[in-house]
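Following: one structure in structure tokens, then a few remarks.
The values are calculated or read from the model by the stated rules, or taken from the named source; none is laboratory data. Keep in mind the model is a prediction, meaning the values are calculated, not measured. Cβ atoms come from the backbone with ideal geometry, glycine included; neighbour counts cover every protein chain shown. For accessibility, only protein heavy atoms count, side chains too; no ligands or nucleic acids. Shrake-Rupley method; radii C 1.70, N 1.55, O 1.52, S 1.80 Å.
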Amino acid sequence: MLRRGPDASVSSRQVAITVDDGSCADCVAGYAAFAQRTGVHLTFSPNGRYDRSWRPQARVLRPLVEAGQVQVINHTFGHPDLTRLTAGKVRDELERNEAWINRTFGTSALPYYRPPYGRHNPAVDRVAAGVGFDRVAMWNGSYSDSSLITPAFLLGQAARYFQPGTIMLGHANHPTVLALFDQILDLIRQRDLTPVTLDEMFNTRRPPMPR
Ligand SMILES: [Zn+2]
């Protein structure tokens, strides 16, 4: 289970910004534009249930994925609590989202998955590993923005958690973050941190796409 970067990421002052879900289409569009405009490396953990938010951004995101600036990991299709599902349903959730990611972004999420609500256990992890998702992408810093928060609170969370080796969790669910991208980027630069994808932080590669 991955909660923070390896020692090498601490010494090289890397941070991995990860962005989950996508229930807010404007927020997904804002993050896609932010990535395109700034070149900042990001990891998205989208759910296929929010296809209406993500698909319009595929044209912007695909070249960034191709270039390795943006990575996409598996967060399940429907965002259920996996610990409450049968093994077959856990497998379906991951495989259905992987197929959607293949189609939408032209990439694979393998071998990373992020359990919705951070809820997983050894049984869930075993099933996930059985379909290739053997890296559980947890986090050690968060904007705590899965529900609506104020700009001041979000910036306080950023100031608290952006440190070398942090895996930061954000959500594309509420627009608070949209007005704060430049301030967050200023903070990252002031601290001499380098935003990286999980592939870059953990020295992994995208597997070839299925044909
Ligand atoms: Zn989520």
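The condition of being within 15 Å of the ligand (Cβ to nearest atom) and open to solvent by less than 50 Å² (accessible area, probe 1.4 Å) holds for only one of Ala129, Ala99, Ala137, that being Ala137. Of all residues in segment 26-47, those satisfying the criterion of being assigned to a helix (DSSP H, G or I), open to solvent by less than 40 Å² (accessible area, probe 1.4 Å), among the hydrophobic types (A, V, I, L, M, F, W, C) and more than 16 Å from the ligand (Cβ to nearest atom) are Ala29, Ala32, Phe34, Ala35. Residues in segment 144-161: is at least one under 22 Å from Arg62 (Cβ atoms) and either assigned to a loop (DSSP other than H, G, I, E, B) or in contact with a Lys or Arg (Cβ under 9 Å, 6 or more places away or on another chain) (or both)? No; the residues of segment 144-161 include none that is under 22 Å from Arg62 (Cβ atoms) and either assigned to a loop (DSSP other than H, G, I, E, B) or in contact with a Lys or Arg (Cβ under 9 Å, 6 or more places away or on another chain) (or both).
Among the residues of segment 107-126, how many are within 16 Å of the ligand (Cβ to nearest atom) and without any contact (Cβ under 8 Å) to a residue 24 or more places away in the chain?
The qualifying residues number 1.
Per the conditions (1) within 13 Å of the ligand (Cβ to nearest atom); (2) in a helix (DSSP H, G or I), the sole criterion not satisfied by Thr104 is (1).
Whenever a residue of segment 55-70 is under 15 Å from Ala109 (Cβ atoms) and open to solvent by less than 30 Å² (accessible area, probe 1.4 Å), its partners that are assigned to a strand (DSSP E or B) and among the β-branched types (Val, Ile, Thr), lying with C-beta atoms within less than 7 angstrom and at least six residues away or across chains, give the pairs Leu61/Val70; Val65/Val72. One residue alone among Asp145, Asp199 is in contact with a strand residue (DSSP E or B) (Cβ under 6 Å, 6 or more places away or on another chain) and within 16 Å of Asp20 (Cα to Cα), and that residue is Asp145. The condition of being more than 11 Å from Ile17 (Cα to Cα), open to solvent by 10 Å² or more (accessible area, probe 1.4 Å) and hydrophobic (A, V, I, L, M, F, W, C) holds for only one of Ala159, Ala172, that being Ala159.
Residue count for segment 145-154, restricted to those that are open to solvent by less than 50 Å² (accessible area, probe 1.4 Å) and without any contact (Cβ under 8 Å) to a residue 24 or more places away in the chain: 0. In segment 71-92, the condition of being touching a residue at least 60 places away in the same chain (Cβ under 8 Å) and buried (at least 19 other Cβ atoms within 10 Å of the Cβ) is met by at least one residue. Within this structure, Asp186 passes the test of being within 24 Å of Thr38 (Cα to Cα), free of Cβ contacts under 8 Å to residues at least 12 places away in the same chain and of a type outside the set (Ser, Thr, Tyr).
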